[in-house]
Every structure is written in structure tokens, then in C-alpha cells.
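Structure record follows, encoded as C-alpha cells.
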Amino acid sequence: MKQLLTIYLSVFSFAIFGQKELFFQTMDSLEIDYRSGGNTLDQIDDFIGNYNLRPGGGFGNLHEFNLADHTFLSPAGFAYLTSPIKVKPKFTGLPYLGFKYAFGSSLTQDLNVEYQQFFKTNTHLHFQYRRRSSNGFLRSGDYKLNDVSLQFFHQKNRYSTHLEAYYGAHELGENDGLASDSLLDVFELNLIPVKRENAKSKIRKLDIKWNNYLRLIGDSIIGSGLKTRHQYSIRGREFYDQAVDMNSVDTFFIDTTGTTRDQYQTAKISNGAGIYFSSPNFSFDASLNHRYWRNQNLGNNRDTNEVFLHSLLNAGIGEQLRLQNEFYFNLIGATGEIKNYATLNYEVLSNLNVNGNLNFENLYPTPYQRFHQANYYQWNISNLEMQQKLQLSGSVRYGDTNYVEARVNWTNINNGRYFIDGTWRQDTLDFVSVGAFHLKGRFNLGQWSFYPKATIRFNASNFNYQPLFSTLNRIAFTTKLFKAQKLGVSLGVDLGYHTGYQFMTYNGVLDLYEPTSTGIKTPELFQLNAFMALSIDEFRFFVKGENISYLFQESTHRIDRDYPIMPMLIRLGITWDFFN
């Protein structure tokens, strides 16, 4: 089997070289020893994330721990819903199916299915389905999160096409946190009353991108011609709430009976055409596009036509040095909007890699930030001002099996729009600067493995919403049992710590964070996890105890105004890889 895959790789690699430069610039090769969740047995639990008690399990991370990333990525202030989970194309000579599944306390389930296949040298499909669900760790905190991602490539004669699609369907219990923590040390966490017993939100996201290339001059390796560019997207959310305590709400704009259904949806469609050039070391395309967007909010409709330029440039020297630059400039509709994303990847040596990113945005507020009508909130902003975002990030990695990696991320926002004290404001935090320096590595000493990781964060004094220092270190012992040496086993622990910090407040009615100051802060906390993993060829199994440190820390500690720290959680999981 391994020899057969090697032959496939050798035959196909040159045949797809031209379309690789046309469609995408980086694609990992998937070899027979590839394993879902990582090739090392002591890292297979990475895909389950780190849950917290905010809705949806916190989507696997704490916003305050990734502030430098999220402040740039968030499309509307500090939207709670983070970036979509999409498939990463992998080159494989044989059809590949990867399966990852884990379950645990409160019926927590994580499922990840990945499918990769090259039907022919010029046709391939990449697919991924990710599902996360739970009954919730707090009352009325159940959730179902689904992410479906697909990429399809085809090239024949002088025509090439690339289709990329993503669909996200998320349902969250919006309990708004604990009503009181006086019973935390008496009852189980899921028995304690919450502020909202019947609140739910449904989020739908759809993105479809379709690019077509008609080669007029040259061949599949070096050629140029016409390109068409088509995109369609929808973002929508519904929020339901019943039996509201009438004394807990200051103002009702729609329904004063205690029943709420807030809803909005923004749809965008764009079509464009232009030219392209593609070669092994350089590719470029530019197009003129028309976009129509429409925002529907409880029967109120607003729409706009826009015209913009878009270009994408890729350059490099072989596989060693790669540069990519994507540019957007709005001519009509949102005149003057600019986006530019530049990425550099330099493989200095076979075991030394340098990456860099320089991203800039100068954009008007999103439709959601401009106008919204809901039961508890209303706003309509007529004087629109652009906000500027600048992000500089880079990393250096040295080593292969043993490695050291350093990464820095620095984000500046000028004239930002934030939701503060019940309204959108662009006059409070004129300039925000936030960043982080990460250092991690892996070191093997015989059968022992060490994974140190530490982060130092920095920010402007007006934006202190992150721990200044955090660390999480894994120590693992891995060996093989019995005479046949077929059964692998790994035992390990995670030791972590972070300093105290001022958290943001999650607003479940609007699905966003509010950068407000409260008298309560998250104190310094320790983290302790333990795991065991087993493997037989492509099948691997693990059991993990998370947040064991909860047993010796105060249960009333907060990660948000009304959300305490995560309790202990036991999870079991498997990964299974199938070739052909």
C-alpha cells in the first residue's frame, strides 16, 4: 500500500503542477502514515478544543485569550461567532477518509469527518463536516453547531473551475449565565437557576465562491486568459425569549407581553470578470465586480449596489519562497473602502521556516452595525465613519520532530465601533492596540515528550481585556506494548496557568461582546488535565480528564459577569483513517 501511494504521488505531482499555481499556493501532501489529529499519539485530542460555560461551549476558546486575532477578524465589533471551520485541501494519490469523534459529560459530542480524493489528475474534491453538540453544562445551555465545507477543482483543455462552499448552522441556548452563585457549592452546576430559561438563538451562514478560468494563450503550465468571479453569502440570526421577568428589562420596543423574536438577515451576491496570468512562479488576476446586498430586519428591507476592484497576486521562487497579496477597493456604493492582505512564506532551510502577514482594512460599519430593530434594542446610524484595522503577525519555526516556534501578532484599530452601554459608539475608544507573543515547542527525550507553550500579551491601557501571561505545558510518555509492538500507548498531563484579567461581557441578546468594566475580574487560575491514548495502526483511542484543577479552585471564580469557570469534564474519543 505504501509503495502504491508513492507511485501515485510521483505520477500525479507534475500533472497537477500548473493548476496548483492557478487554484491555490499551498497544499499538504497526505501520505500513508498520516493520522487525523496529528501524527503523534500524544496529540490526538487537539480537535476537541477547550470548553467554557459561555453559550456553545465558548466555541472551544476564550475570546480574551485570542484578542489580537479576534479584534481583526470580527466583522461587527466583537461578534461572538468566530471564523468558520473550513476544509484544508490535501494532495493524495488514494481516496482518503478521516474520522474523529469524542463524547463526554453532559452528552458533549465532537465529530469531524474529512474526505479527500483526486478522481483524476485534473479533478479533485475536498470535503469536511464538523459537528459539536451538548446538553449544556448550565441549565438551558444546550447547543448544536454544524459546519460543512467543500472545495471542488476541475481542469480540462482550456477551461478551469474552482468551487468553494461553506454552510454553518448553529443553535445555542442563551441562558445569560447564573441567576446566583450562592448554591454553587451545594448543588450540581446544571441544577442552579439561570437568568433566561427559554432563550435560544439560531445562526445561519452560507458562503459560495465560484471562479472560472478560460485560457486564451499558453498551456496548463504557463497561460493567460479571462476569469469570472462569482460569490453569494447569507448571514442571519434569530433570537427567541419567553417568560421574561418584566422588571429586568428597562424598555420594550416591540412586544410588552414578555415574548421576543428578534431576526435579521443580510444577503450579498457579486459577479465580476477580468483577466489572469498563471505560471509556476507567478500568477495574477484582476477583476471588476458588481455586488448587491440586502438587509432584512423584522420586515424592514434596505439594499445597496456596489462596484469594486479585486486582485490576487502570487509570486515565489520554487517552493522555497512564496508571496501572496489580495487587494480590494470599492469604487461605488462604499466608495473608498480598502482591504489588503499580504502573506509571506519563506522556507530558509528544510527545517527552518519563516511566515509573515500584513493586513489592512479601511471599512464602513456592517449593515448590522448601521441599523437594527429588536425588542430590547434599536439603533439607526446615518453618519457613517470608516474604521481602520492594521494587523502585523509573523512566526519563525526551527526543527522537525523537535522544534521551537515563536509567533507574534499585533493589531491596531483606529476609530473602531463598539457596543457599549446599550448602543454602538465610535467616540469612546479612538485607538486600540493589542498584541501577543507566543513561544512553543516540542522536545523528545527517549520515550518522553515535552510540549512547552507560553504567551505574553500586551495592550494599550484603555483595552486591558486579556491575561498578560498564560502557559500550558504537556508532558507525555509514549511506548509500544507486547512482542509484536503493534499496540501504542501514551500517558500524559497538561499543566497550565494564567494571570488574572478583566473580562468582556457577553450579550446573548445581540450575540456580541461588550468591552465594559465591572468590579469582578477573573483571578489567576491553574489548569490540570490528564489523558491516556492507545493506537493500533490507523485506529486510535483516548480518554481525557479536563479541568481537574476545578476540584481545588473556587467554583465561584468568573470568566464573565455571570459565567463561572468550567467544571471537571471526562471525554473519550477515537480517530480512524481510511485509505482507498
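The values are calculated or read from the model by the stated rules, or taken from the named source; none is laboratory data. If you're wondering where the values come from, they're calculated on a predicted model, not measured in any experiment. Because the Cβ atoms are built from the backbone with ideal geometry, glycine has one as well, and the counts that use them run over all protein chains shown. Accessible surface is based on the protein model in full, side chains and every heavy atom, while ligands, DNA and RNA are left aside. Shrake-Rupley method; radii C 1.70, N 1.55, O 1.52, S 1.80 Å.
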| Only one of (1) assigned to a loop (DSSP other than H, G, I, E, B); (2) at pLDDT below 90 is not met by Gly141, so which one is it? | (2)
| Given the structure, is Tyr101 part of a loop (DSSP other than H, G, I, E, B) and at pLDDT 85 or above? | no
| query | Looking only at segment 98-132, which residues are hydroxyl-bearing (Ser, Thr, Tyr), open to solvent by less than 30 Å² (accessible area, probe 1.4 Å) and touching a Ser or Thr at 6+ places or on another chain (Cβ under 8 Å)? | reply | Thr108
| field | Unmet criterion (only one of (1) under 23 Å from the mean Cα position of the chain (by Cα); (2) assigned to a strand (DSSP E or B); (3) in contact (Cβ under 8 Å) with a residue 60 or more places away in the chain) for Phe531 | value | (1)
| task | Kindly indicate whether any position in segment 503-518 is surrounded by fewer than 16 Cβ atoms within 10 Å (Cβ to Cβ) and closer than 30 Å to Ala199 by Cβ. | result | yes
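For every residue, the table says whether it meets (1) over 22 Å from Phe539 (Cβ atoms); (2) within 23 Å of the chain's Cα centre (by Cα).
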| position | (1), (2) |
| --- | --- |
| Lys453 | yes, yes |
| Ile456 | yes, yes |
| Ala460 | yes, no |
| Tyr465 | yes, yes |
| Leu468 | yes, yes |
| Ile475 | yes, no |
| Phe482 | no, no |
| Gly488 | no, no |
| Gly492 | no, no |
| Somewhere in segment 350-358, is a residue out of contact with any helix residue (DSSP H, G or I) (no Cβ under 8 Å at 6 or more places or on another chain) and either of a type in the set (Lys, Arg) or farther than 30 Å from Lys453 by Cβ (or both)? | no
| remark: Counting only residues that are of a type in the set (Val, Ile, Thr) and over 23 Å from Asn211 (Cα atoms), segment 280-331 contains a total of 2
| Verdict on Ser106 being outside any strand (DSSP E or B), at pLDDT below 90, on the phi > 0 side of the Ramachandran plot and in contact with a strand residue (DSSP E or B) (Cβ under 6 Å, 6 or more places away or on another chain) | yes
| query | Is it the case that some residue within segment 7-24 is part of a loop (DSSP other than H, G, I, E, B) and modelled with pLDDT of 65 or more? | reply | no
| task | Any chance you could count how many residues in segment 529-541 are open to solvent by 50 Å² or more (accessible area, probe 1.4 Å) and either touching a strand residue (DSSP E or B) at 6+ places or on another chain (Cβ under 8 Å) or over 30 Å from Pro95 (Cα atoms) (or both)? | result | 6
| said: Anything in segment 542-566 that is touching a Gly at 6+ places or on another chain (Cβ under 6 Å) and either open to solvent by 40 Å² or more (accessible area, probe 1.4 Å) or not in a loop (DSSP other than H, G, I, E, B) (or both)? List them, or say none. | reply: Phe542, Tyr563
| said: Being touching a residue at least 12 places away in the same chain (Cβ under 8 Å), part of a loop (DSSP other than H, G, I, E, B), within 30 Å of Asp241 (Cα to Cα) and not β-branched (Val, Ile, Thr) is the filter here; which residues of segment 377-417 pass it? | reply: Tyr377, Arg417
| message | Name the single residue that is nearest to Gly274 (Cα to Cα) among those in segment 293-336 being open to solvent by less than 50 Å² (accessible area, probe 1.4 Å) and in contact with a helix residue (DSSP H, G or I) (Cβ under 8 Å, 6 or more places away or on another chain). | response | Asn314
| Which of (1) open to solvent by less than 30 Å² (accessible area, probe 1.4 Å); (2) out of contact with any Asp or Glu (no Cβ under 9 Å at 6 or more places or on another chain); (3) of a type in the set (Phe, Trp, Tyr) does Phe91 not meet, given it meets every other one? | (2)
| said: Condition first: charged (D, E, K, R), open to solvent by 60 Å² or more (accessible area, probe 1.4 Å) and not in a strand (DSSP E or B). Now tell me which residues in segment 186-235 satisfy that. | reply: Glu188, Lys195, Glu197, Asp219
| Output for segment 483-505, where each listed residue is at pLDDT below 90 and farther than 30 Å from Thr40 by Cβ | Met504, Thr505
| Residue among Phe450, Phe443 that is within 22 Å of Asp46 (Cα to Cα), hydrophobic (A, V, I, L, M, F, W, C) and in contact with a Pro (Cβ under 9 Å, 6 or more places away or on another chain) | Phe443
| message | The conditions are (1) open to solvent by less than 30 Å² (accessible area, probe 1.4 Å); (2) over 30 Å from Thr366 (Cα atoms); (3) of a type outside the set (D, E, K, R), and Asn580 fails exactly one of them. Which is it? | response | (1)
| task | With the checklist (1) surrounded by fewer than 19 Cβ atoms within 10 Å (Cβ to Cβ); (2) under 27 Å from Tyr232 (Cα atoms) in hand, flag the one item Asn135 doesn't pass. | result | (2)
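Return yes when Ser180 is assigned to a loop (DSSP other than H, G, I, E, B) and polar (S, T, N, Q) and no when it is not.
yes
Keeping to segment 473-496, report how many residues are in a strand (DSSP E or B) and open to solvent by 60 Å² or more (accessible area, probe 1.4 Å).
Count: 5.
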